[in-house]
Amino acid sequence: MRRRLIWTYLTFLLIVLMGLSVPLGLVLAARDAQTMFMDRLGDTIRFAALAEPALLTNRMSALDAELRHYDSLFGITAVVVDRNRRIAASSREAVSLETVEIQERISRALSGQASQFPGVSWPWDPAPLIIAEPVGSGGEIVGVALTISPSGELQAGTWRNWFLLGSLSLLTLLLGALATGPVARWTLKPVHDLDEAAHALAVGTFLPDQITGSGPPELRRLTESFATMASRVTALLQRQRTFASYASHQLRTPLATLRLSIENLSPAVDKSGAGDYALIASEIERMAGMCDALLTYALAEVPAGPQTVIDAAEVAADRVTFWSGPAERAGLRIALHTNAPAKAMAAANVLDQALDALLSNAIKFAGAGADVLVTVSPHPDGLVEVHVSDTGPGLSTTDIARAPEAFWRGPADQNADGSGLGITIAESLITASGGELLLRQAVPHGLHAIILLRSAP
């Protein structure tokens, strides 16, 4: 973004410099041409005034000497012709007046027209400046006075002016380029702070002092507001996690005491109270499991640590081995399908815990006689896919959308053991590690969970 901002500044500066330099260069060229024209016009008018009596009396020696002296001083050809276009006096011995432009100027002067400004003389146009003034008074034209001025000096002056303007513009552009770097950094410093703070907030390492408070006032106010908001959000999240962790941890001690007390009462329970005793013991076990799930959920909400390279196939094989015993006792068959190592990026133990949650749910809800298949496969799009599918009753489309919600249970599983946090915990762990957990309906029936992780470089 800083580079684009610098290029934008420089583009605007270049447009402004061109908008100023180009018209100024044209004005300077027109001014110099106008100045030269007015100077030569005055000289030509003076020669026309001197030429009238000389042409009428046919005494050309004084006029000829005046023209030669003028040419020797300024290097400008001066010529006087009579009404028949013959050279009557000249500042040089051999002067050619046969060009079309000179003849046109002589014709206009003989018709009584005064010279007009021919326009700007561009540096690449070597044509001389030709001025022709009629000689005569009282309406009778007896000749024409001409000056033919070389344009080399005028062209050189125009080039010098343009070079100076170009140099000043280039110097201004260079100074602007040197200045835009610090200006862009100062302007974008709040944006950079916001980016760093947002990233830190996402990974759970935000600190208020990451906002430096430099930059434009409008952006400083935005960064300060963001810092205040982020601090409050961080404090609320930390308070929530701390409460969940503390509450679940503190409840485990009295539950353990209560469970031990119930076990000690077991010999004193007669047959008539055996059912109630079993129900109480079961509920205590259920509450203990829910406390453990709450503690796991609180920890899952904390952003994952640094990501490392893991072998998803190896992790899946380890978890399938672990859950094979419980699956067999529940009457299910669990299998693993993988062909090669599948290197992925994830935080430590994230995939292990996610697979534990998914396999535990599959064993619990698929039902006896169902099959559970775990498949690991690298994907061409730079992903590693881990599939956990079963052939149980599955969930409807509406229930699949609600399954990741905390404490949600399917309509048919309201009384089943568990806390309703299995899929929630799995999704939190995978998402915190930069992956994604998708739930689909299996074919022909059952639930199909897909874990997507980034492939390792």
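The values are calculated or read from the model by the stated rules, or taken from the named source; none is laboratory data. What you are looking at is a predicted structure, and each value in this text was computed from that prediction instead of being measured. Using ideal geometry, Cβ is built from the backbone for each residue, glycine included, and neighbour counts are taken over all protein chains shown.
With respect to Thr172, determine if the residue is over 30 Å from Tyr9 (Cβ atoms) and β-branched (Val, Ile, Thr).
On the way: over 30 Å from Tyr9 (Cβ atoms): no; β-branched (Val, Ile, Thr): yes.
No, not satisfied.
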Positions within the stretch 82-96 being surrounded by 12 or more Cβ atoms within 10 Å (Cβ to Cβ) and acidic (Asp, Glu), in sequence order = Asp82
query = In the stretch 200-243, which residue that is charged (D, E, K, R) and within 22 Å of the chain's Cα centre (by Cα) is modelled with the highest pLDDT?
reply = Arg220
request  = Return a yes/no flag: does the stretch 64-81 have any residue that is over 18 Å from Asp39 (Cα atoms), touching a Lys or Arg at 6+ places or on another chain (Cβ under 9 Å) and either crowded, with 18+ Cβ neighbours inside 10 Å or acidic (Asp, Glu) (or both).
outcome  = no
message = Can you find, within the stretch 143-169, the residue that is nearest to the chain's Cα centre (by Cα) among those that are within 16 Å of Ala127 (Cβ to Cβ) and among the aliphatic types (A, V, I, L, M)?
response = Ala156
query = Given the residues Gly166, Gly176, Gly157, which is the only one that is in contact (Cβ under 8 Å) with a residue 24 or more places away in the chain and closer than 20 Å to Arg4 by Cβ?
reply = Gly176
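Pick out the one residue from Leu194, Leu174 that is more than 30 Å from Glu285 (Cβ to Cβ), crowded, with 16+ Cβ neighbours inside 10 Å and modelled with pLDDT of 70 or more. It would help to see each step written out before you state the result.
Working: Leu174 fails: crowded, with 16+ Cβ neighbours inside 10 Å.
From the options Leu194, Leu174, the qualifying one is Leu194.
Residues being of a type outside the set (D, E, K, R), over 17 Å from Glu66 (Cα atoms) and assigned to a loop (DSSP other than H, G, I, E, B): count how many of those fall in the stretch 95-111.
Of the stretch 95-111, the ones of a type outside the set (D, E, K, R) are 95-97, 99-100, 102-103, 106-107, 109-111.
Then drop every residue that is not over 17 Å from Glu66 (Cα atoms), which leaves 96-97, 99-100, 102-103, 106-107, 109-111.
Of the ones still in play, those that are also assigned to a loop (DSSP other than H, G, I, E, B) are 96-97, 99, 111.
Here the count works out to 4.
Working only within the stretch 313-336, note down all residues that are closer than 24 Å to Val384 by Cα and of a type in the set (Lys, Arg). Before you say what the answer is, go through the steps one by one.
Restricting attention to the stretch 313-336, the residues satisfying the condition of being closer than 24 Å to Val384 by Cα are 313-324, 334-336.
Selection gives Arg319 alone.
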